[in-house]
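Please treat every number below as a calculation from the coordinates, not as lab data. Here the structure is a predicted model, which is why all the values come from computation and not from measurement. Every residue, glycine as well, gets a Cβ built from its backbone with ideal geometry; the counts of neighbours run over all protein chains shown.
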Amino acid sequence: MTNSSNNAPVLITGVGKRVGLYLAQQFMARGVPVIGTFRTEYPEVVELAEKGADLYCVDFYQDAEVLEFIQAVRSRYPRLRAIIHNASDWLKDDALNNPGEVMARMMQVHVSVPYQLNLALQDKLAGDGIGEADIIHLSDYVAAKGSKKHIAYAASKAALDNLTLSFAARFAPGIKVNSIAPALVCFNPWDDDAYKQKALSKAVLPREGGTEEVLATVDYLMSSRYITGRIMPLDGGRHLK
């Protein structure tokens, strides 16, 4: 169980679906206030808002919207317990006519926005003790391995891991900064059996990690007072294959 730091809220980007949605739901079930961002209003987003989450529709590809969101958080909240950077996009290198635009978009959502939020909200996280607040970047297994079809995506996640190192050094000792680097978290509804078997065969633990494993790792990092500047693998032992 994470320390609530007098029930200060947790800011989670990308709460519309999958990991971000699950984390928001679980923190709220514990009575921890949640600030969340989303780009598309799914029914689950409406339900989160109805249950009390403070949600903002923000297109991270628009710097003006990012800055407006930062100002809203700064004006409304005196303290934050944690920032969890979950918002992500997954573009193939041939997804757009201009490969440079693919790289720019990947770097914007995975690097520029976390960079801006961390700097702008540092004072809201800073506590009086050692490791009392957290920044957690949701990275990816491919940041260390590379990817043939998602080169820009993998490069941007590697840059995010580098932000972890820099911010951990800069924000110590009050704020711990770590990355979680999952491989397979959970399959999509449209994934066929052939794809599932191929994905499962890449790990020595051939199963979906599950959103519960991400939450357990978040809890571990937020409960610790002695872990910072680390990239936590969540990959089923893929490095052993």
Subject >> Cα pair distances exceeding 12 angstrom across the range 53-105, given as percent >> reply: 75 percent
Original post:
For labels at Trp190 and Lys17 in the simple 7 Å Cα→Cβ model, what's the distance in nm?
Top reply: 0.9 nm
Original post:
Which helices of the chain meet both criteria: a Cα extent of 24 Å or more along the helical axis and a mean Kyte-Doolittle score no lower than 0.0, with helices taken as whole DSSP H segments?
Top reply: 151-171
Original post:
Pairs Lys157/Lys198; Lys17/Lys241; Lys157/Lys241; Lys92/Lys202; Lys149/Lys196: which exceed 27 Å Cα-Cα?
Top reply: Lys17/Lys241
Original post:
Between Arg30 and Arg74, how many nm apart are label points set 7 Å from Cα along the C-beta direction?
Top reply: 2.9 nm
Original post:
Between Asn98 and Lys202, what FRET efficiency comes out of the Förster formula 1/(1 + (r/R0)^6) with R0 = 41 Å and r the beta carbon distance, rounded to 0.05?
Top reply: 0.85
Subject >> Rg ratio (alpha-carbon, reference 2.2 N^0.38 Å) - the chain >> reply: 0.98
Original post:
For the chain, what is the mean residue ellipticity at 222 nm derived from helices alone (per DSSP H run of n ≥ 4: -39500 (n - 2.57); sum divided by total residues; nearest 500 deg cm²/dmol)?
Top reply: -13000 deg cm²/dmol
Original post:
Relative contact order (percent) for the chain, with alpha-carbon contacts under 8 angstrom and 6 or more residues of separation?
Top reply: 18 percent
Original post:
Using a basic spin-label model with each label point 7 Å from the Cα along Cα→Cβ, how many nm lie between Glu212 and Leu119?
Top reply: 4.1 nm
Original post:
From the Cα gyration tensor of the range 99-164, with a ≥ b ≥ c the square roots of its eigenvalues, which class applies: rounded if a/c is under 1.5, or else prolate if a/b is larger than b/c, or else oblate?
Top reply: oblate
**OP:** Using +1 at the Cβ of each Lys and Arg and -1 at the Cβ of each Asp and Glu in the range 35-82, identify which of Val46, Ile70, Phe60 lies farthest towards the dipole's positive end.
**Re:** Ile70
Original post:
Just going by the charge dipole of the chain, with Lys and Arg at +1 and Asp and Glu at -1 on Cβ, which of Asn7, Ala159, Leu125 is farthest out on the positive end?
Top reply: Ala159
Subject >> In range of the label at Glu47: residues from the range 13-31 whose backbone nitrogen is under 11 Å from the point 7 Å along Cα→Cβ >> reply: 22, 25
